[in-house]
């Protein structure tokens, strides 16, 4: 472990997590590392939760505002939510306990584009950040931080916070050093272009410089990231993946893509896994990823020689693949770049790379307005994440979903979306197991038959019925709607248990 | 006039507009110049409309798909719509006749972010462009085009179209030459950064190079742009402008803005005019604009020395100010840069400049989801224009609207927006005559009181009543809604003539 803290000053600050938690006060705004279950602090959250429980037991107030890269894990979001230690949470919330408390009205949650939060924190839109708690692989001689399996908003939080706590996690491979590319966007008004032209371009340092005067504690840990087991793929996911690959083939036929020019962005899940499995046997070569998270399938594509480079801000690996990463990081770092999320998700670079985006959705309406976040308009699922950053700026963007959920009681395609995260101006292609609806170049009424064709057959007559009603006398016909029955699907679901009524 | 066509080949192509219209066929996709009433072709649209009328009289089909920069004028959009000569229109539609036919279902309209269309045309998302019809001030010896009072998508249309028709308009000042900065973004996958760091940076040429082999006609015109008379400001606009200026002062107090660091983006209208009048007497100096259109108020700011430079893609001037521009373009071109709209509205440059955006809206819901485009979910007003390009990427963004319309029968703040163009993730500040609602850093439920406070007093109890109902038993409390009554305001308006019911 001694090799992991090479700087004398930091060594002098080593203490237990409980001791470090003394620096966290009621009302503090805390910026933590962590993105999609990787690179979050492993010890401080529990220590803060214990402190909260103790103070609450004495009748004292103790709650923090919690900022991260994106989702973390039960031993971070989960323990803090369980202890009622969080007042406000941003920018992403996928933990079950945290989500339950948000939807019960006990925790305030703000859902922010992942590329936006870093700048907003630095500009003080939330007030001053009190403490940054950041996981590291190692601290070098000069006191620089080598981040671990996620970069997230570490740079912005370390810069903005008054106090800094570093967790050095022995579980993380020392060979991750050299995989990161840390670049700080200049402060306004003196910004210059971000000099990334291709996914693999390196423009920064392998470490994060830190103002040592702000470091109040260093905590040693040895704990694994939350790495969810790989789910075996299912028939519906494979069908959706097949349609996605057909779409790519169509782009090649149209002369807009070449077999060695595909730049991938991909959300996490079964369909992306199936897409990547499909790519292994495809004609595509020299694939690049400019995306948020490195998934199992990307390591397979790298191993097979199909993918030359993957740029992201974190890992989202199964335990098996996380183990492989820890063993072979030295090899993988030739093909993987981990960046701050403000760079991995930056509109400037996304537009420049000409990537093809693919993100999951809860559903969309018959005109292509997409709901990514809320059920019934009110109940947060996870958050918008980077889907807006990538969709708005991609060369070509897709939204994917099975056509139904809950044993057929919920249709992905609805008359009117109860929450809209991506507007009709942004949605290009919607894919279900029934095919892909290519909405490019189509006015709203011409999108309707395309979207109904990828709805589940059980729902097609109901959607057609709504559209006919919306087009009937007295209505305006640019984007026909019948507001009196627009939410009937959702009201049926609430009252009768199925959108079918 | 002879001085305006300096190239022999182009001289040989001079013909009447009626003769040039022979190159336009049924089913053609036509890319025209023109943005916000400036720089649109003055003669071809009428000639095409006449051809349509003649063919329709003989029972023949004749309709085109019409692509422009943004809005044009009665003698362009208007005559073509009147003659039923348009099948499909994009990306903006503010002409009354065109709008009426779109809402009647006679013309298909697709509402696209202004920064997106050029690339989508070049990539063939709409099929091949048949003809580009572009207004010019002059054609130089080498056959390059000096554009007129708007650049819009001229570069992309001239590159993509199989045939080119140039209108040379003697009404436009020859001194506009030198004001334009024409830069072509590289084709994928070989893009590099757009090297604009500050609003006034020039990175291209003052002309558009053209493939002469594609030029089929040159038409001489002498006709004014559609320049709408300046509307005298009203009390409500002045109040809104006052709140906007208060917001700016607040940013200075918070240390996020300096009196010589304001970079402005502004939509068109009475409130922006009042804001610019207010800036004349403010402490702000060396103001820069990185925006879509140059308005009267910006010329006043330039004349007063308050504004150093304004970058845009077109003019939207009153007749009086258009006359001044025509007389004094030589002076103004030291302070004005006209760019392709893909550059004026590019996310990359917008984020880099750190501008403060201000755009009008139809209204928004109690959580900050903004409707910019459709009334009652169905009836298009104009289009999203560049509001998405600027809002999503601005350092700070605002939406402005009077709190009511139609003598108080319509409230700008509603329980649920019937069309969403900007999501809760994007909306920072909403301004009415009752103040500004600063939503930054606030979870959805904390935005509600802020937004109700800027609603018209008549609607506040109704909005509170809805919110209480949405928070009542059985509902989820992240973004509380009661879907059964979410559109009651709009149903009341349709059935009883007022959102009040």
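Okay, here's what the table says:
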| item | result |
| --- | --- |
| Whether region A:90-230 is rounded, prolate or oblate, judged on the alpha carbon gyration tensor where a/c under 1.5 counts as rounded | rounded |
| Overall form of region A:1-51 per C-alpha gyration tensor (a/c, 1.5; a/b vs b/c) | oblate |
| Longest to shortest principal axis, alpha-carbon extents of region A:397-501, angstrom | 38, 36, 24 |
| Rounded, prolate or oblate (a/c below 1.5 giving rounded, otherwise prolate when a/b exceeds b/c) for region A:224-381 by Cα gyration tensor | rounded |
| Rough spin-label spacing in nm, given labels placed 7 Å along Cα→Cβ, for residue A:491 and residue B:205 | 6.2 nm |
| Pseudo-label separations to other copies for residue B:474 - Cα-to-Cβ vector, 7 Å, nm | 2.8 |
| Rg/Rh (Cα only; Kirkwood hydrodynamic radius) as it applies to region B:22-135 | 0.93 |
| Pseudo-label separations to other copies for residue A:224 - Cα-to-Cβ vector, 7 Å, nm | 7.6 |
| Pair-distance profile P(r), taking every C-alpha pair of region A:398-454, with 10 angstrom steps and integer % | 21, 60, 18, 1 |
| Förster radius 35 Å - calculated FRET efficiency between residue B:407 and residue A:406, Cβ distance, rounded to 0.05 | 0.15 |
| Pairwise centroid distance, computed over Cα atoms, of region A:364-382 with region A:82-142, Å | 23 Å |
| Helix A:319-332 vs. chain A, principal-axis angle (Cα, 0 to 90°, nearest 10) | 70 degrees |
| Length added when fully stretched, residue B:304-residue B:440, from 0.36 nm per residue minus Cα-Cα | 45.6 nm |
| Potential extension, residue B:231-residue B:141 segment - 0.36 nm per residue separation minus Cα distance | 28.2 nm |
| Antiparallel bridge percentage (DSSP; both residues within region A:1-122; nearest 5) | 10 percent |
| Cα long-axis angle, helix A:444-453 against chain A (0 to 90 degrees, to the nearest 10) | 90 degrees |
| Centroid-to-centroid separation of region B:176-191 and region A:285-360 [C-alpha atoms, Å] | 32 Å |
| Where labels lie 7 Å past Cα in the beta-carbon direction, separation of residue B:246 and residue A:61 in nm | 2.7 nm |
| Cα-derived Rg over Rh, computed across the protein assembly as shown with Rh taken as Kirkwood radius | 0.96 |
| Calculated label separations, residue A:457, copies of the chain, 7 Å along the beta-carbon direction, nm | 6.2 |
| Approximate spin-label separation residue B:453-residue A:458, in nm, with each point projected 7 Å along Cα-to-Cβ | 4.8 nm |
| Value at 222 nm in deg cm²/dmol, rounded to 500, when DSSP H runs of n ≥ 4 in chain B each add -39,500 (n - 2.57) | -8000 deg cm²/dmol |
| 0 to 90° range, to nearest 10: angle between helix B:460-470 axis and chain B longest Cα axis | 80 degrees |
| Square roots of 5 times each gyration tensor eigenvalue, C-alpha, chain A, largest first, Å | 40, 27, 19 |
| Ordering of B:447-454, A:345-352 by packing [mean C-beta count within 10 Å, highest first] | A:345-352, B:447-454 |
| Using a Förster distance of 22 Å, the FRET efficiency for residue B:222-residue B:53 (Cβ separation, nearest 0.05) | 0.35 |
| Segment residue A:280-residue A:473, extension gain: residue separation times 0.36 nm, minus the distance between their alpha carbons | 64.2 nm |
| Whole-Å distance, taken between Cα centres, linking region A:235-274 and region B:428-501 | 41 Å |
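A short reminder: the numbers here are calculations on the coordinates, not readings from a lab. All of these numbers come straight from a predicted model, not from anything done at the bench. Here the Cβ is made from the backbone with ideal geometry for all residues, glycine too, and neighbour counts use every protein chain on show.
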